[in-house]
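To start, the structure under review is shown below, and the notes come after it.
The values are calculated or read from the model by the stated rules, or taken from the named source; none is laboratory data. Note that this is a predicted model, so its numbers are computed, not measured. As a convention, Cβ positions derive from the backbone with ideal geometry for all residues, glycine included, and neighbour counts pool all protein chains shown. Calculation scope for accessible area: heavy atoms of the full protein, side chains included, ligands and nucleic acids excluded. Shrake-Rupley method; radii C 1.70, N 1.55, O 1.52, S 1.80 Å.
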Amino acid sequence: MLPTPPPEAPEPPEAKEPSEAKEPSEAKDHGRKALAAFLRSRRERADPAQTGLPPGGRRRTPGLRREEVSLLSGVSLTWYTWLEQGRDINVSPQILLALARALQLDEVERAHLFRLAGRTAPEPAERSLQVPDAVRAFLDTLMPNPAFVIDRCFDILAWNRAQEAILGPALLDRPHRELNSAWLLFREPGVRALMPEWEAETEWMAGLLRQQAAYELDNPRFAELIDELVATSPHFARLWEAHEVVEFRSSLRRYHHPLAGDIEVSFVRLAVQEAPWLSLVCHFPVPGSESERRLRGLVTLPE
């Protein structure tokens, strides 16, 4: 029996001329126009006297000429002109950084430039460990709910009186490298005694650290933390080798406090917009619950 012949292949689609190609989306077109307008506005605002360029003749318009931006940034005049014309071209982060320097952009303007170009702005070379004053004040307004601020290595940078009342001596008189959520969870016996679901908490924390590790490849502090935990906590070392990855999810946490008894709270993690490498973690009980009453008693607040 002869094999059944294969069906005839369909005719290939007719090739379109470049002029028939699909038009760019409206959003992309709007982004290019916004980028072009922003570049023009920053060029016209720039002070030629602060660029290091030799003084020239009288200028008909304020700011820098396109040729001067090209010279200062090392970006070709044609390429820069296309950007100001809103042409559909891809811009590398290196070009954007060069333009930001040439146009004397501050940190906020540089981040805006990257967003308009569809790129992620690099973070400052030095991340400040200072917690903004307003965030510190906000921690106090959250009383009697325990709250604290961490960075991306889970180092604890600030906390309120309720958080101190929950953890007690674990937060006090401790070297900076030990003031860390993961370090305290795996290494501090007092914290382990507070948490009846310690095993589940450690698995969750190890997964969070694995997830964060992909963003901290060049961060020596993160490497230091992981190396110390692997070397000093066999339990952490086993979890770390499992390579489980989790993302943060708001959830419930239970404490068994030696003075207040059992306390059940929900917790959330909020980004600090002005310092994106910082987060605020807040725990809060159900209003009117026994846990709320016990928290209030722990921090000596009136009912």
key: Some residue of the stretch 212-231 being within 26 Å of residue 295 (Cβ to Cβ), open to solvent by 20 Å² or more (accessible area, probe 1.4 Å) and either touching a residue at least 60 places away in the same chain (Cβ under 8 Å) or not in a helix (DSSP H, G or I) (or both)   = no
ask   = Filter the stretch 253-269 for residues that are modelled with pLDDT of 95 or more and of a type in the set (A, V, I, L, M); which is surrounded by the most Cβ atoms within 10 Å (Cβ to Cβ)?
value = 263
key: Residue that is under 30 Å from residue 42 (Cβ atoms), assigned to a helix (DSSP H, G or I) and open to solvent by 50 Å² or more (accessible area, probe 1.4 Å), where the choices are 193, 111, 134, 200   = 134
request  = Evaluate the following for residue 279: is it in a strand (DSSP E or B), of a type in the set (S, T, N, Q) and free of Cβ contacts under 8 Å to residues at least 60 places away in the same chain?
outcome  = no
ask   = Mind checking whether some residue in the stretch 139-150 is in a helix (DSSP H, G or I), free of Cβ contacts under 8 Å to residues at least 60 places away in the same chain, of a type outside the set (A, V, I, L, M) and surrounded by 17 or more Cβ atoms within 10 Å (Cβ to Cβ)?
value = no
note = Selection from the stretch 32-50 of residues surrounded by fewer than 17 Cβ atoms within 10 Å (Cβ to Cβ) and not in a helix (DSSP H, G or I) yields 47
inquiry  = Checking the condition open to solvent by less than 80 Å² (accessible area, probe 1.4 Å) and at pLDDT 90 or above, which residue from 69, 91 passes?
reply    = 69
ask   = If a residue has to be open to solvent by 100 Å² or more (accessible area, probe 1.4 Å) and either modelled with pLDDT under 80 or outside any helix (DSSP H, G or I) (or both) to count, how many in the stretch 114-131 make the cut?
value = 4
task = Quick one: which residue in 26, 17 is at pLDDT below 50 and charged (D, E, K, R)?
result = 17
